[in-house]
Amino acid sequence: MTRNVFIVLLVIAILAVTLAINIAERYTAPGLGRTLMVAGITAAIMFPAGWIGERLGFIKGKFEYGKRARDAAARIQAEQRAKAEQQQAGSGNDDTRGDAK
């Protein structure tokens, strides 16, 4: 996810919570009921926003946790290193220090 997409989703989340609070205050008494209503309304707005962002390609990836996450991260890093090495070999640039000559 890029910085701009994060900012857009953050703004959507703030607006969703604000809307949810205004709706919940009208229909529920203070307490757990209001909290759950705010959470439900916010989720009903944020889930489709995230889903659309993923469908459009703005959000990529899959949530992994534990050992599987470490293995997936190591695999992704290895793939990125191999891709960078291929690009460097294909460009004919033998400068491995990374600074300009």
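Express in Å², to the nearest 10, the accessible area of PHE58 obtained by rolling a 1.4 Å probe over the protein heavy atoms while all chains stay in place.
In the full protein context, PHE58 sits at about 110 Å².
Enumerate the calculated ³J(HN,Hα) couplings along segment 71-80 in order (Karplus 6.51 cos²θ - 1.76 cosθ + 1.60, θ = phi - 60°), each rounded to whole Hz, writing x wherever the residue is Gly or Pro.
Ordered by residue, 3J(HN,Hα) equals 5, 5, 5, 5, 5, 5, 5, 5, 5, 5 Hz.
At a probe radius of 1.4 Å, what is the per-residue accessible area of LYS67, in Å² to the nearest 10?
Answer for LYS67: close to 140 Å² accessible.
Report the convex hull volume per residue for segment 1-66, counting only C-alpha atoms, in Å³.
Taking only Cα atoms, segment 1-66 has a hull volume of 98 Å³ per residue.
What accessible area per residue, rounded to a whole number of Å², is obtained for segment 1-59 using a probe radius of 1.4 Å?
Averaged over the residues of segment 1-59, the accessible area is 73 Å².
Find how much the distance from LEU36 to ARG55 grows on full extension, using 0.36 nm per residue of separation minus their present alpha carbon separation; answer in nm with one decimal.
That pair, LEU36 and ARG55, stretches by 4.0 nm at full extension.
The values are calculated or read from the model by the stated rules, or taken from the named source; none is laboratory data. Here the structure is a predicted model, which is why all the values come from computation and not from measurement. Accessible surface is based on the protein model in full, side chains and every heavy atom, while ligands, DNA and RNA are left aside. Shrake-Rupley method; radii C 1.70, N 1.55, O 1.52, S 1.80 Å.
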